[in-house]
Amino acid sequence: MIKLTIHASVEAALQQAFPKPAAAAKRALAKYISVVESMLFDALQRGLTPEQRKLGLYAISLEQLANKGGQIGPKKIRVHKWLTDNDWDIVQTVVLGTKFSGQNSLVKLTALATIQNTLQVPVQSLSAATTDEEIDAFLSGDDVSNIALFDYLYPEYNLEWRDEKLKELFDWVPVDVESVKAYVYWLETESNLIQGPKKDLALRQSLSILGIASVTKGYYLQRKKPSPFGRTYYEGVSVQNVNKELRRAMLGNCWCPTSACVRQIGVLD
């Protein structure tokens, strides 16, 4: 998941402008930050272009940010508008998108925001690891982050628990967790051919799968997207849209191609 840390001066300025009710500024800013975090997460899940990655840009809809980011004060001022108008921007527009082109705007974080990406593996830590236990500590993630990821990707589970309805929405895919971990280890420490945005996307997809599998005890939920022609597709990360190496790892048909790898699992076709 994405975690933003915002400079305390932003909340202080919002509190000064809207002192009543006492906690209104804190609540409004927290909601706005949550929306920004989710939109940055979605942008990363879609994958960044080389230019976006180099310049620290994210493709998001400013219209959705303004609409979903909440309001504050008796006049119902949008939090996004107030922050922008008063030079307390958390995100700065670099290239403005348009409704007609269907393109999102390109934005970057300002100096008032610091980003933490929990779906990122420190390569130095993995390189130094020598046992399965040490590698698992880096790849498994913490329970709080994994549950937060699950709740974000599958909000229906907090609202709708009827089995028949959930079966309409999702297909449960068993995941070979150890194989996916082996793939991530190889990708992060030894792969030479997959670099840049492709590597970043593969790592994020892999860690998303591992995070969900840790919550569901070994399964990944694929959100169904039925076709009007009768076929079933899936939204977001699924076995349909990940690269073939990760697909093999998910389904338990993957091996780490060098002897230096900690694990060797399955056999390639």
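Over all other residues within a Cβ to Cβ distance under 14 Å of K198, the charged ones net out to +2, with Lys and Arg as +1 and Asp and Glu as -1. Taking other C-beta atoms within 10 Å as the exposure proxy, D87, D142 rank D87, D142 from fewest upward.
Extension gain for the segment Q15 to A148, taken as residue separation times 0.36 nm less the Cα-Cα distance, is 45.1 nm to one decimal.
To the nearest 20 debye, what is the magnitude of the charge dipole of segment 1-115 about its Cα centre, counting +1 on the Cβ of each Lys and Arg and -1 on the Cβ of each Asp and Glu? Each step should come with its number before you reach the end.
Working: 15 positive and 8 negative charges, 65 e Å.
For segment 1-115, the charge dipole is close to 320 debye.
In plain terms, the chain from K26 to R162 could stretch by 45.4 nm, reckoned as 0.36 nm per residue minus the Cα-Cα distance. The alpha carbon centroids of segment 176-230 and segment 20-99 are separated by 28 Å. Just going by the charge dipole of segment 123-250, with Lys and Arg at +1 and Asp and Glu at -1 on Cβ, which of Y234, Q205, N192 is farthest out on the positive end? Checking the options against the dipole of segment 123-250, the answer is Y234. Candidate cross-link partners of K26 among the lysines, defined by an alpha-carbon separation under 28 Å and a same-chain spacing of 8 or more, comprise K3, K68, K75, K76, K81, K108.
Counting every other Cβ atom within 10 Å of each residue's Cβ, R248, R27 order from fewest to most as R27, R248. Here segment 209-249 is assigned +1 on the Cβ of each Lys and Arg and -1 on the Cβ of each Asp and Glu. Its dipole about the Cα centre then comes out at about 120 debye.
Can you give the charge dipole size of segment 161-224 about its Cα centre, rounded to the nearest 20 debye, using +1 on the beta carbon of Lys and Arg and -1 on the beta carbon of Asp and Glu?
Numbers: 10 positive and 9 negative charges, 51 e Å.
Dipole of segment 161-224, to the nearest 20 debye: 240 debye.
Neighbour counts of C-beta atoms inside 10 Å place I6, I60, I209, I77 in the sequence I77, I6, I60, I209, starting with the fewest.
Laboratory data are not the source of any read-out in this text; all were calculated from the coordinates shown. Being a predicted model, the structure only gives us computed values, none of them experimental. No Cβ is skipped: glycine too gets one built from the backbone with ideal geometry, and neighbour counts run over all protein chains shown.
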